[in-house]
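Here is the structure we will look at, set down as structure tokens.
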Amino acid sequence: MASLDTVLDGVVGTPGVTAAALLDGVTGLSYAERGEPGPAQDAQETAHLVSTHLNRAGFTGELESIVVTTTAHHHVTTRVERQGDPLLLFALVDRHRTNITWALRDLAEHTGRLLA
């Protein structure tokens, strides 16, 4: 497994990503942060609410990711499966400096490095 510091350095090195955090998927505790990931504080709660409402609506399967878009940023939260409780990788992506598709592809690669 790559170190958290190495992975988060790579995440914020992705064009357009201005901040990143690795969170406990159950408690929201931040294990590591880069930049100023203030919105990451709510990422765990948002993921829980979305997952709960999708399940109530009859959707099956685990939530993989959430992208919340504002006028200035994409707030990307990706679930990182591991033994035990999942992790959440949060990234704040500047809408005006990157293409969200490329950013999501790069974030998926960094997520894979967390588990490699």
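The values are calculated or read from the model by the stated rules, or taken from the named source; none is laboratory data. Computed from a predicted structure; not experimentally measured. For neighbour counting, all protein chains shown are included, and Cβ atoms are generated from backbone atoms with ideal geometry for every residue, glycine included.
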Inset, instruction - Could you tell me which residue of region 50-63 is nearest to the chain's Cα centre (by Cα), considering only residues that are surrounded by 12 or more Cβ atoms within 10 Å (Cβ to Cβ) and not polar (S, T, N, Q)? - result: Leu63
Inset, instruction - May I ask you to say which residue of Thr78, Thr6, Thr46 is under 15 Å from Arg113 (Cα atoms) and either part of a helix (DSSP H, G or I) or more than 14 Å from the chain's Cα centre (by Cα) (or both)? - result: Thr6
Inset, instruction - Report yes if Asp42 is touching a residue at least 40 places away in the same chain (Cβ under 8 Å), acidic (Asp, Glu) and either surrounded by 14 or more Cβ atoms within 10 Å (Cβ to Cβ) or farther than 14 Å from Leu104 by Cα (or both), otherwise no. - result: no
Legend entry - Matching residues, region 66-84, being more than 16 Å from Pro37 (Cβ to Cβ) and in contact with a Ser or Thr (Cβ under 8 Å, 6 or more places away or on another chain): Arg79
Inset, instruction - For region 58-116, name all the residues that are under 14 Å from Leu8 (Cβ atoms) and in contact with a Pro (Cβ under 7 Å, 6 or more places away or on another chain). - result: Val80, Phe90, Leu92
Legend entry - region 34-43 - residue that is of a type in the set (Gly, Ala, Ser) and in a helix (DSSP H, G or I) and, of those, modelled with the lowest pLDDT: Gly38
